1. In the range 189-211, what count of residues is obtained for those that are buried (at least 21 other Cβ atoms within 10 Å of the Cβ) and either under 28 Å from ARG252 (Cα atoms) or at pLDDT below 95 (or both)?
2. From the residues in the range 263-291 that are of a type outside the set (D, E, K, R) and in contact with a His (Cβ under 8 Å, 6 or more places away or on another chain), which one is farthest from LEU121 (Cα to Cα)?
3. Do the conditions hold for PRO175, that is, is it within 28 Å of ALA241 (Cβ to Cβ), surrounded by 18 or more Cβ atoms within 10 Å (Cβ to Cβ) and of a type outside the set (Val, Ile, Thr)?
4. Go through PRO218, PRO225 for me and flag whichever is crowded, with 16+ Cβ neighbours inside 10 Å, in the same structural domain as ILE129 (by TED's automatic domain parsing) and farther than 28 Å from GLU170 by Cβ.
5. Would the range 120-133 turn up any residue that is assigned to a helix (DSSP H, G or I) and farther than 30 Å from ARG286 by Cα?
6. Taking the condition at pLDDT 95 or above, crowded, with 18+ Cβ neighbours inside 10 Å, outside the structural domain of GLY207 (by TED's automatic domain parsing) and part of a helix (DSSP H, G or I), does VAL85 pass?
7. What residue, among those in the range 275-286 that are within 26 Å of the chain's Cα centre (by Cα) and not polar (S, T, N, Q), is surrounded by the most Cβ atoms within 10 Å (Cβ to Cβ)?
8. What pairs can you find where one residue is in the range 144-170 and part of a loop (DSSP other than H, G, I, E, B), the other is surrounded by fewer than 17 Cβ atoms within 10 Å (Cβ to Cβ), and their Cβ atoms are less than 8 Å apart, with a gap of 6+ or different chains?
Amino acid sequence: MSVDGEAVRVEVEEDEQGWEVDPDDEWGVAVIATVGRQLRLRREAAGMRAGEFGLAIGYGEDLVYKVEGGKRIPRKEYLDRSDAVLGANGLISATWEDVKKVRYPKSVRALGKLEAKAVELGMYECNTIAGLLQTPEHARALIQAAQPPYSPDDVERMVAARLARQSVFERDPAPSIHFVLEEAPLHRQIGGTMVWRQQLEHLLEVGKLNCVTLQVMPTNTDAHPGLDGRIELLKFPDGTAVGRSDGRFNGRPVSDPKQLRILELRYGIIRAQALPPRESLAFIERLLGEK
């Protein structure tokens with residue numbers, strides 16, 4: 001079977017982990033139900049049965065019913081193949097812009113929207129590597145370590161959401177992004193040696209982007225204001241800002257100017273105590289050379 005002359009394999013149900021619709025996500029349910037209804041109406045208008053349509057796009061009949069019934073989030077490839085088979089001239093493919101947002105868990109979506117609008121992002125992480133800097137394998141190993149454990153579907157959904165936030169690096173014009181990472185998490189070989197090395201190599205790659213400043217906080221430094229947890233500061237084009245911090249602020253978003261000044265003071269001190277960007281990248285390179 002083929003689409004536009006290219007061979008298409010039939011996707012099995014196991015390939016679709018992490019693409020279920022969260023029933024508690026009202027907006028997500030509405031989006032997927034609408035897309036599914038459009039797909040069903042177009043398929044029926046083309047005179048195709050569900051099984052026949054599934055064969056044409058390389059997916060099983062059961063998955064076709066789930067997508068059209070609003071029970072399963074379709075992949076981009078599913079939408080693109082459907083568009084080609086049904087001759088929708090890009091209208092079905094275009095629904096991916098809404099569908100891909102539904103992959104964010106509800107709790108993460110608001111953060112992703114804020115990061116997508118910010119012109120400046122500042123992040124300090126105490127115990128882990130910042131999510132915006134994680135490779136898929138590193139993120140998956142971290143999430144799988146949670147107790148009680150997440151289901152395989154939830155793991156894949158959370159990994160996809162974390163990676164989707166990284167589109168912030170592709171924006172044009174790019175925002176100014178600052179990271180401060182503690183030294184200790186850089187030594188921890190989460191996911192094994194190979195995953196660890198790939199993660200450090202990824203840090204070097206991102207740290208060399210023109211829009212990114214990456215700093216490492218050495219373990220042998222003096223105490224600083226970030227030892228009770230992470231800090232995140234987002235600034236927007238209209239001059240407003242939002243911050244989050246563990247410890248005193250309990251991780252809740254704050255926008256009050258007085259509270260933001262406190263977070264900015266803390267973050268400024270942290271950046272001043274961390275290694276400069278060039279020395280930080282050299283530090284990571286030395287870590288890689290030791291193993």
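1. Within the range 189-211, residues that are buried (at least 21 other Cβ atoms within 10 Å of the Cβ) and either under 28 Å from ARG252 (Cα atoms) or at pLDDT below 95 (or both) number 1.
2. As a first pass, look at the range 263-291 and keep what is of a type outside the set (D, E, K, R): 263, 265, 267-270, 272-277, 280-284, 287-289.
Narrowing further to those that are in contact with a His (Cβ under 8 Å, 6 or more places away or on another chain): 269-270, 273, 287.
Working: ILE269: 16, ILE270: 15, GLN273: 19, LEU287: 26 Å.
Here the residue is LEU287.
3. yes
4. Step by step, each of PRO218, PRO225 is checked, and only PRO225 is crowded, with 16+ Cβ neighbours inside 10 Å, in the same structural domain as ILE129 (by TED's automatic domain parsing) and farther than 28 Å from GLU170 by Cβ.
5. Checking the range 120-133: not a single residue is assigned to a helix (DSSP H, G or I) and farther than 30 Å from ARG286 by Cα.
6. yes
7. For the range 275-286, the residue satisfying everything is ILE284.
8. Hits for this filter: TYR150/GLN144.
The values are calculated or read from the model by the stated rules, or taken from the named source; none is laboratory data. Bear in mind that the values here come from a model prediction, so they are computed numbers and not experimental data. Cβ: placed from backbone, ideal geometry, glycine included. Neighbour counts: every protein chain shown.
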